[in-house]
1. Would a scan of region 53-69 turn up a residue that is part of a loop (DSSP other than H, G, I, E, B), modelled with pLDDT of 85 or more, basic (Lys, Arg) and over 17 Å from the mean Cα position of the chain (by Cα)?
2. Run down 83, 30 and say which single residue is modelled with pLDDT of 90 or more, out of contact with any Ser or Thr (no Cβ under 6 Å at 6 or more places or on another chain), assigned to a helix (DSSP H, G or I) and surrounded by 13 or more Cβ atoms within 10 Å (Cβ to Cβ).
3. Could you tell me which of the residues 42, 60, 112 is under 25 Å from residue 144 (Cβ atoms), of a type in the set (Gly, Ala, Ser) and either free of Cβ contacts under 8 Å to residues at least 12 places away in the same chain or buried (at least 16 other Cβ atoms within 10 Å of the Cβ) (or both)?
4. In region 86-100, which residues are surrounded by 22 or more Cβ atoms within 10 Å (Cβ to Cβ) and not aliphatic (A, V, I, L, M)?
5. Could you list, in sequence order, all residues of region 45-57 that are farther than 14 Å from residue 82 by Cα and free of Cβ contacts under 8 Å to residues at least 12 places away in the same chain?
6. Quick check, is residue 98 assigned to a helix (DSSP H, G or I), more than 19 Å from residue 161 (Cα to Cα), aliphatic (A, V, I, L, M) and at pLDDT below 90?
7. Answer yes if at least one residue in region 159-182 is surrounded by fewer than 16 Cβ atoms within 10 Å (Cβ to Cβ) and touching a Lys or Arg at 6+ places or on another chain (Cβ under 9 Å), and no otherwise.
8. Here are some residues: 143, 160, 74. Which one is assigned to a helix (DSSP H, G or I), of a type in the set (Asp, Glu) and under 21 Å from residue 60 (Cα atoms)?
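The values are calculated or read from the model by the stated rules, or taken from the named source; none is laboratory data. The shown structure was predicted, so the numbers you read here are calculated from the model rather than taken from an experiment. Positions of Cβ are generated from backbone atoms using ideal geometry, with glycine treated the same way; all protein chains shown enter the neighbour counts.
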Amino acid sequence: MRKIGVVLILVASLFIGCTSMNAQRLTTEALTHLEEHQVAEAIALFERALQKDTKNPEYAYNLLYARFKAEEFEDVILLSEAAFLQHPHYLEFLYLKAQAHRALEQTDEAVATYRQIIDLNGGDTHLMTRLLAEAQQSGLRAEAVELAQRILTVEPSNKEALKILAEDDPQSWYSLVYAYLTKQAH
């Protein structure tokens with residue numbers, strides 16, 4: 001009886017391992033299609049990979065990213081929110097949702113989603129710097145300034161944040177610090 005239990009555990013582990021390998025293979029193939037701008041083919045492969053391993057947030061993200069590339073923005077917004085509820089530590093879903101809002105020119109919704117991301121992970125300066133670039137690129141000047149100020153509370157010498165604040169108010173001490181830091185770098 002004990003041997004049967006051990007054999008069943010080994011078979012189950014082998015099956016799970018094979019399923020995971022198949023999902024990885026499908027993902028690799030899908031990424032190749034995505035690089036070659038064959039979005040429909042990539043979506044189909046990402047869907048199959050997600051079916052093989054529904055609990056892996058990366059497979060769900062890959063599928064949503066491909067749908068974003070296919071300009072299925074409304075679906076991306078809804079599905080990103082649902083995926084985030086399922087994987088609340090995977091903030092990339094919210095970032096993709098914000099980008100979809102931006103693509104639809106829903107600025108208020110994009111800003112609200114960016115704020116949600118920062119509220120959930122306000123100590124991640126890499127993420128905040130990425131969002132800062134996104135806000136600046138989108139012309140969301142007030143959001144960029146607010147993000148820059150938050151970044152400086154965590155990382156006082158962040159050059160990107162200092163640059164935004166120096167440009168916003170050239171007479172501020174931020175300008176002086178930014179000028180000093182950039183001269184040090186040259």
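1. yes
2. Just a single option satisfies the conditions, and that option is 83.
3. Matching residue, one of 42, 60, 112: 112.
4. Result: 93, 97.
5. Across region 45-57, the qualifying residue is only 51.
6. Numbers: assigned to a helix (DSSP H, G or I): yes; more than 19 Å from residue 161 (Cα to Cα): yes; aliphatic (A, V, I, L, M): yes; at pLDDT below 90: no.
The answer is no for residue 98.
7. Initial filter on region 159-182 (surrounded by fewer than 16 Cβ atoms within 10 Å (Cβ to Cβ)): 159, 169-173, 176, 179-182.
Now restrict to residues that are touching a Lys or Arg at 6+ places or on another chain (Cβ under 9 Å): 181-182.
Scanning region 159-182, I find at least one residue that is surrounded by fewer than 16 Cβ atoms within 10 Å (Cβ to Cβ) and touching a Lys or Arg at 6+ places or on another chain (Cβ under 9 Å), so the answer is yes.
8. Numbers: 143 fails: under 21 Å from residue 60 (Cα atoms); 160 fails: under 21 Å from residue 60 (Cα atoms).
74 is the lone residue from the list that is assigned to a helix (DSSP H, G or I), of a type in the set (Asp, Glu) and under 21 Å from residue 60 (Cα atoms).
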